[in-house]
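Notes for the one structure printed next.
The values are calculated or read from the model by the stated rules, or taken from the named source; none is laboratory data. What you see is a predicted model; the values in this text were computed from it and never measured. Using ideal geometry, Cβ is built from the backbone for each residue, glycine included, and neighbour counts are taken over all protein chains shown.
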Amino acid sequence: MLTILGGLLALAILAGFVGALSGLGGGVFIVPGLVILAHVPMQVAVGASLISVVATSAGASVAFVRDGWTNLRVAIILECATVTGALTGAYLAGVISQPVLEMLFALMMLQSAYYSITKHGDELLSQSDPLCERLRLGGEVPGDDGRMTPYGVRNLPGGAALMVIAGVMSGLLGIGSGALKVAAMDHLMKLPLKVSSATSNFMIGVTAGAGALVFLSRGDVAAAVAAPVAIGVTGGALLGSRILPHANVGYLRKLFATILVLIAVEMGWRALSGI
Amino acid sequence: MNQPERYSPSPSDAEEDRILRTWTPLMLRTVLIVSTIVLIVGIAATVLHSPGFYIDRFHALQRGQMHATEQFSMIIRQAAAGDPHAIMTIGLYVLTLVPLVRVAFTFVLFLKDRDYIYVAATAYVLSGLILGMALGRIG
């Protein structure tokens with residue numbers, strides 16, 4: 001028993017650690033880890049991953065919210081879109097076959113690998129567009145000189161549309177879809193990059209929570225797997241976030257993007273042989 | 001030339017932000033600590049009292065055999081009786097309640113401040129989370 005439990009814990013700690021270092025979250029690594037190495041069905045892996053994503057999001061959000069990096073109003077408005085997507089995705093996960101899920105997961109990993117190596121712009125928008133102004137979505141961030149600099153927000157409908165897709169992927173595949181959320185806020189809505197990351201991380205809790213509740217009440221969360229995975233991923237993520245400030249982020253991102261592509265190929269191959 | 005209108009929070013917005021930034025991390029941390037303790041107790045109890053059950057359960061999962069949906073009241077009763085598997089399940093439920101508690105808190109805060117756009121948004125998210133549980137039972 002200790003071999004199984006120890007193996008699951010080690011896998012989860014590694015996934016949480018790599019997820020925090022790469023900025024992609026533990027879900028992208030724990031799901032294929034459980035399917036390929038622990039030989040559990042995709043549904044069990046997705047259910048366990050969703051719960052661990054809720055835990056890591058909550059853990060990382062504590063400091064981001066307290067220090068003012070999370071834009072709480074943007075998060076609340078966009079959560080309407082991600083929750084809608086997450087419920088749809090979690091419901092579909094119960095009816096879509098295992099090979100199709102594995103193939104979708106492989107495609108999502110390739111997309112995450114692409115986002116993790118593309119460059120992000122960080123020019124602050126001086127004024128919000130009328131809709132965002134009406135919703136008071138703008139905020140302030142510390143500038144280079146330490147003084148608070150205001151920023152505006154734009155294109156809420158575009159951002160919300162991408163958030164629905166991020167939600168569907170999260171509920172379907174058991175991931176936080178942080179890469180897509182950050183892209184929506186950073187590229188489309190022009191939020192500062194660090195605010196986008198902090199807000200995405202905060203929202204991930206609700207997106208994954210909505211999916212996890214569907215899985216839990218459907219009886220698709222196996223406590224024997226999900227409990228050690230939740231503890232391990234959270235511990236690993238905590239360790240990763242401690243090391244992150246001292247790490248060479250650019251090099252790490254390229255390394256993890258390569259790993260993601262390799263795992264995507266393995267998952268894709270499994271899916272094709274299962275059809 | 002007029003300066004473009006810049007972001008400046010109104011006093012009520014600033015107060016809302018202050019309350020959210022103080023209470024949200026506190027709630028997140030508390031629920032996280034409680035659920036982690038329950039999960040660790042559940043795992044420790046499994047190791048000490050029912051390792052055989054755990055191994056059987058894990059191999060059954062690998063063969064794709066899930067447990068039937070259990071009634072929440074039954075899980076509570078079993079956990080109270082010291083059943084390790086039920087204790088782990090309770091820990092997972094508590095963990096999943098993190099976002100629910102957080103959204104419920106913001107809903108009450110915005111309602112108190114009569115900030116109706118955000119009352120509607122949080123009510124939508126909250127009902128989505130509750131629907132999640134119902135969907136699982138229906139689906």
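Restricting A:GLU133, A:GLU140 to residues that are of a type in the set (Asp, Glu) and either closer than 21 Å to A:SER61 by Cβ or part of a strand (DSSP E or B) (or both) narrows the list to A:GLU140.
The condition of being modelled with pLDDT of 90 or more, part of a helix (DSSP H, G or I) and over 27 Å from B:ILE55 (Cα atoms) does not hold for A:ILE51. Listed conditions (1) free of Cβ contacts under 8 Å to residues at least 24 places away in the same chain; (2) surrounded by fewer than 23 Cβ atoms within 10 Å (Cβ to Cβ); (3) not charged (D, E, K, R) are all met by A:ILE76, apart from (2). Selection within the range B:84-101: residues that are of a type outside the set (Gly, Ala, Ser) and surrounded by fewer than 24 Cβ atoms within 10 Å (Cβ to Cβ). The member of this set that is nearest to B:THR22 (Cα to Cα) is B:VAL101.
Could you list all residues from the range A:56-85 that are modelled with pLDDT under 90 and among the aliphatic types (A, V, I, L, M)? Residues satisfying the conditions are A:ALA58, A:ALA60, A:VAL62, A:ALA63, A:VAL65. Condition first: in contact (Cβ under 8 Å) with a residue 12 or more places away in the chain, surrounded by fewer than 16 Cβ atoms within 10 Å (Cβ to Cβ) and farther than 12 Å from A:ILE77 by Cα. Can you find one or more residues in the range A:132-140 that meet it? Within the range A:132-140 (the criterion being in contact (Cβ under 8 Å) with a residue 12 or more places away in the chain, surrounded by fewer than 16 Cβ atoms within 10 Å (Cβ to Cβ) and farther than 12 Å from A:ILE77 by Cα), the answer is no, since none of the residues qualifies. When A:ILE259, A:ILE231 are screened for being farther than 30 Å from B:PHE53 by Cα and within 19 Å of the chain's Cα centre (by Cα), only A:ILE259 passes. In the range A:61-80, of all residues being under 17 Å from A:ALA161 (Cβ atoms) and among the β-branched types (Val, Ile, Thr), the one that is nearest to the other protein chains (Cβ to nearest Cβ) corresponds to A:ILE77.
On the stretch given as the range B:10-30, residues that are within 7 Å of chain A (Cβ to nearest Cβ) and either closer than 17 Å to A:GLY59 by Cα or of a type in the set (Ser, Thr, Tyr) (or both) total 6.
The residue list A:ALA179, A:ALA166 contains one member that is under 20 Å from A:MET109 (Cβ atoms), modelled with pLDDT under 85 and either touching a helix residue (DSSP H, G or I) at 6+ places or on another chain (Cβ under 6 Å) or acidic (Asp, Glu) (or both), which is A:ALA179.
Conditions tested, residue by residue: (1) touching a residue at least 12 places away in the same chain (Cβ under 8 Å); (2) part of a loop (DSSP other than H, G, I, E, B); (3) crowded, with 22+ Cβ neighbours inside 10 Å; (4) out of contact with any strand residue (DSSP E or B) (no Cβ under 8 Å at 6 or more places or on another chain).
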{"site": "A:MET103", "(1), (2), (3), (4)": "yes, no, no, yes"}
{"site": "A:MET108", "(1), (2), (3), (4)": "yes, no, yes, yes"}
{"site": "A:ALA113", "(1), (2), (3), (4)": "yes, no, yes, yes"}
{"site": "A:SER116", "(1), (2), (3), (4)": "yes, no, no, yes"}
{"site": "A:LEU125", "(1), (2), (3), (4)": "yes, yes, no, no"}
{"site": "A:PRO150", "(1), (2), (3), (4)": "yes, no, no, no"}
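Looking for whichever is over 20 Å from A:VAL44 (Cα atoms) and surrounded by 14 or more Cβ atoms within 10 Å (Cβ to Cβ) here; the options are A:GLY232, A:GLY236. Which one fits?
Sole residue among the options that is over 20 Å from A:VAL44 (Cα atoms) and surrounded by 14 or more Cβ atoms within 10 Å (Cβ to Cβ): A:GLY236.
Which residues, taken from the range A:188-217, are polar (S, T, N, Q) and more than 9 Å from chain B (Cβ to nearest Cβ)? Across the range A:188-217, the qualifying residues are A:SER196, A:SER197, A:THR199, A:SER200, A:ASN201. Only residues that are crowded, with 17+ Cβ neighbours inside 10 Å and in contact (Cβ under 8 Å) with a residue 40 or more places away in the chain were counted across the range A:152-161, and they come to 4. Selection of first residues in the range B:95-123 that are under 17 Å from A:ALA81 (Cβ atoms) and of second residues that are among the polar types (S, T, N, Q) and outside any helix (DSSP H, G or I), restricted to Cβ pairs under 9 Å at least 6 apart or on distinct chains, gives an empty result.
Are any of the residues in the range A:193-204 of a type outside the set (Ser, Thr, Tyr), at pLDDT below 85 and surrounded by fewer than 22 Cβ atoms within 10 Å (Cβ to Cβ)? Looking for residues that are of a type outside the set (Ser, Thr, Tyr), at pLDDT below 85 and surrounded by fewer than 22 Cβ atoms within 10 Å (Cβ to Cβ), one finds at least one in the range A:193-204, hence yes. The one condition from (1) at the interface with another protein chain (Cβ under 9 Å from one of its Cβ atoms); (2) surrounded by fewer than 24 Cβ atoms within 10 Å (Cβ to Cβ) that A:ASP220 does not meet is (2).
Among the conditions (1) more than 21 Å from A:LEU193 (Cβ to Cβ); (2) part of a helix (DSSP H, G or I), the only one that A:LEU21 does not satisfy is (1).
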